[in-house]
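Heads up, the thing below is written out as C-alpha cells.
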Amino acid sequence: MKILVLNGPNLSRLDLREKNHYGDLTYQQLEEFIKAKAQEIKLEVEIKQSESESEIIEWLHKAADAKQPVIINPAAFTHYSYAIRDAVSMLKAPCIEVHLSNPLSREEFRHTSVVSGVVNGTIAGFGAESYALALKAMQNLI
Ligand code: DQA
C-alpha cells in the first residue's frame, strides 16, 4: 500500500519562505526528494499538498477508510486545527507528523502541536531529511 504524504498550507511556496527555517529546496524538489528516499527503501508514496483545511480533512477521511499509513506536515494547521487533529485520530494505520523546521525553537505560537497527541511520533528540525527519517520510521511501523 502507498504511504500518503500530506503537506499543508504555504509549503507549496517554499521558494519564497525563510531559508534558515525551511532550507533551499523548492516544493517540487522536496517532492522529488521524498519520492527518491522512498524508492531507496522500496516504499511507494502518494504526495499531496493543499492550502485548504477541508481538502486535507477529506484526504484524511479517505486514508482512514483505506487504512492507509500517513506522513503529515500540517504546516500552520499544526498549531490550531482541532479538525485536522480529529481527522488524524480516526486513522486506522500509523501516522507520523513531520516538520522541516524545529517549531519548538521558534515563536511561542509554534510550540503547541494539537496533532502530536494523536500520531505515532513526530520528527522535526532536519529539513527535507525529516521526511526521509519519517519514511524509515514508517517502514518499521507497518
Ligand atoms: C512547518 C512549521 C510550521 O510552524 C509552519 O507554520 C509551517 C511549516 C515546518 O515544516 O517546519 O508552515 O510545519
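Laboratory data are not the source of any read-out in this text; all were calculated from the coordinates shown. Here the structure is a predicted model, which is why all the values come from computation and not from measurement. Using ideal geometry, Cβ is built from the backbone for each residue, glycine included, and neighbour counts are taken over all protein chains shown.
For region 81-96, the criterion of being crowded, with 18+ Cβ neighbours inside 10 Å and near the ligand (Cβ under 10 Å from one of its atoms) is satisfied by no residue at all.
Could you tell me which residue of region 1-54 is farthest from residue 92 (Cα to Cα), considering only residues that are among the acidic types (Asp, Glu) and in a helix (DSSP H, G or I)? The extreme case among them is 15. Pairing each residue of region 34-50 that is without any contact (Cβ under 8 Å) to a residue 60 or more places away in the chain with any residue that is aromatic (Phe, Trp, Tyr) and in a helix (DSSP H, G or I), provided the two are 6+ apart or on different chains, yields C-beta distances under 8 Å for 48/59; 49/27; 50/59.
Among the residues making up region 55-107, a single one is on the phi > 0 side of the Ramachandran plot and part of a loop (DSSP other than H, G, I, E, B): 67. Taking the criterion of being in contact with a helix residue (DSSP H, G or I) (Cβ under 8 Å, 6 or more places away or on another chain), of a type in the set (Val, Ile, Thr) and more than 18 Å from residue 30 (Cβ to Cβ), would at least one residue in region 52-60 satisfy it? Looking through region 52-60, at least one residue is in contact with a helix residue (DSSP H, G or I) (Cβ under 8 Å, 6 or more places away or on another chain), of a type in the set (Val, Ile, Thr) and more than 18 Å from residue 30 (Cβ to Cβ).
Scanning region 61-80 for residues that are of a type outside the set (Val, Ile, Thr), within 16 Å of the ligand (Cβ to nearest atom) and touching a residue at least 40 places away in the same chain (Cβ under 8 Å) returns 73, 74, 75, 76, 77. Inside region 108-125, residues that are in contact (Cβ under 8 Å) with a residue 12 or more places away in the chain and not in a loop (DSSP other than H, G, I, E, B) make up a count of 9. Flag not set for residue 13, criterion: under 22 Å from residue 126 (Cβ atoms), within 16 Å of the ligand (Cβ to nearest atom) and surrounded by 13 or more Cβ atoms within 10 Å (Cβ to Cβ).
Go through 76, 64 for me and flag whichever is touching a Leu at 6+ places or on another chain (Cβ under 8 Å) and surrounded by fewer than 20 Cβ atoms within 10 Å (Cβ to Cβ).
Details: 76 fails: touching a Leu at 6+ places or on another chain (Cβ under 8 Å).
Selected residue: 64, the only one of 76, 64 that is touching a Leu at 6+ places or on another chain (Cβ under 8 Å) and surrounded by fewer than 20 Cβ atoms within 10 Å (Cβ to Cβ).
Mind checking which residues of region 36-53 are more than 13 Å from the chain's Cα centre (by Cα) and either within 14 Å of the ligand (Cβ to nearest atom) or surrounded by fewer than 17 Cβ atoms within 10 Å (Cβ to Cβ) (or both)? Once the filter is applied, which keeps residues that are more than 13 Å from the chain's Cα centre (by Cα) and either within 14 Å of the ligand (Cβ to nearest atom) or surrounded by fewer than 17 Cβ atoms within 10 Å (Cβ to Cβ) (or both), region 36-53 yields 36, 39, 40, 41, 42, 44, 51, 52, 53.
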